[in-house]
1. Of the residues that sit in the stretch 365-400 and are in contact with a helix residue (DSSP H, G or I) (Cβ under 6 Å, 6 or more places away or on another chain) and within 30 Å of residue 165 (Cα to Cα), which one is surrounded by the most Cβ atoms within 10 Å (Cβ to Cβ)?
2. Filter the stretch 404-420 down to the residues that are surrounded by 24 or more Cβ atoms within 10 Å (Cβ to Cβ) and closer than 16 Å to residue 380 by Cα, then identify the one that is modelled with the highest pLDDT.
3. Yes or no: residue 317 buried (at least 19 other Cβ atoms within 10 Å of the Cβ) and modelled with pLDDT under 80?
4. Across the stretch 114-147, what is the number of residues that are surrounded by 21 or more Cβ atoms within 10 Å (Cβ to Cβ) and over 24 Å from residue 287 (Cα atoms)?
5. Taking the stated definitions as given, is residue 160 crowded, with 22+ Cβ neighbours inside 10 Å and either part of a helix (DSSP H, G or I) or in contact (Cβ under 8 Å) with a residue 60 or more places away in the chain (or both)?
6. Of 338, 386, which residue is within 30 Å of residue 170 (Cβ to Cβ) and in contact (Cβ under 8 Å) with a residue 40 or more places away in the chain?
7. Tell me the residue from 92, 69 that is touching a residue at least 24 places away in the same chain (Cβ under 8 Å), in contact with a helix residue (DSSP H, G or I) (Cβ under 6 Å, 6 or more places away or on another chain) and either within 18 Å of residue 258 (Cα to Cα) or surrounded by fewer than 21 Cβ atoms within 10 Å (Cβ to Cβ) (or both), please.
8. Going through the stretch 6-21 one residue at a time, which ones are part of a loop (DSSP other than H, G, I, E, B), under 30 Å from the mean Cα position of the chain (by Cα) and surrounded by 21 or more Cβ atoms within 10 Å (Cβ to Cβ)?
């Protein structure tokens, strides 16, 4: 484990210098920066449980615990916050609607275990095989189809309150356009806050439901302190095993995010960080599996926090210990969970309209940044067919076993791409543009920055 040593005088960072992962500033500055990282991750982390019906407090708890576990597994050498991954939203919503929370948690556990196993393989043989298996054309397609597959869910929320959705969406766009740096990175969180305040001003929180209870009543009655709610995976249900294939594409996204995160940190600090790639995958896999076992959502490395590190030039892992411990403390406040559970559907609809669209555009950005050649038919059909399959929610079923949407689109992308290139090589028509796996960005993080 890396042990922190004081950087300089502990108060300042000289121009051109960075605070390395094994260094720290004074504990006062370290605590302040840790709290800043909590603010940075909070907006995205609360959205996943809010959209999927998971308890916010439980997700916060395992976000904090997952971060600490990640730091331990990576030997305190890789700074990262593990927040809720948006790649889980579509399969979680489908699994809960089809077979309940137990099956959804089983999917999370399965993703975590598989991701950790991939990490062990990377530790032994390196990351090169991932680059070949999922080059930019495929990585971009998988990320894009996850975002665009969620479009109907966003529309469903918008219908629950169109005026709140419009106000929220307009606020998100304005914050993103008008502000740079930190405020720009949390534009979705700020937009939700504006939409929430709009709903308060227009009487939403004083309107009772059929039982005569208002959202304000629920928040007022919630305790300030109390334990999170726990739930457990259900692997015994036959329906669970039929749903697990929907979660496989999430593994691919988490691999891309973690590899991209490690490379980003290595670029900004030291190439030695690349040695932690396998451990990063193991750490995120273990954190995701742990969350799934007790009722939390799956985790990933966060883009917002990378942005904060880039702005402050402080990459100390000590900062993330503070952030993780703070998240754990916040998880023991039911009142915080009640506030987030009271967000109106329209506000969520406005936020998810922006968010899901930006997730899709991250995929397009991967193609652009890596110069993917769409004059080649194999690349055209890889992206085109997979996107239509995912957006239209194509479904194939054999008895209780079913493939649909994201899972089916991902399988189509891999089959078309690799078989197409195999045929192209055999007929000497050339192969794909290749290139290393890109820094895909954090689907639980800020799409603008990734």
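The values are calculated or read from the model by the stated rules, or taken from the named source; none is laboratory data. Computed from a prediction, not measured in an experiment: that's the story for all the values here. Counting neighbours? That spans all protein chains shown, and the Cβs are built from the backbone with ideal geometry, glycine included.
1. The selected residue is 390.
2. My answer is 413.
3. Numbers: buried (at least 19 other Cβ atoms within 10 Å of the Cβ): yes; modelled with pLDDT under 80: no.
Considered against the rule, which asks whether it is buried (at least 19 other Cβ atoms within 10 Å of the Cβ) and modelled with pLDDT under 80, residue 317 comes out as no.
4. Count: 8.
5. Working: crowded, with 22+ Cβ neighbours inside 10 Å: no; either part of a helix (DSSP H, G or I) or in contact (Cβ under 8 Å) with a residue 60 or more places away in the chain (or both): yes.
Judged against the criteria, residue 160 is not a match.
6. Details: 386 fails: within 30 Å of residue 170 (Cβ to Cβ).
Exactly one of 338, 386 is within 30 Å of residue 170 (Cβ to Cβ) and in contact (Cβ under 8 Å) with a residue 40 or more places away in the chain, namely 338.
7. On the way: 92 fails: either within 18 Å of residue 258 (Cα to Cα) or surrounded by fewer than 21 Cβ atoms within 10 Å (Cβ to Cβ) (or both).
Matching residue, one of 92, 69: 69.
8. Within the stretch 6-21, 20, 21 meet the criteria.
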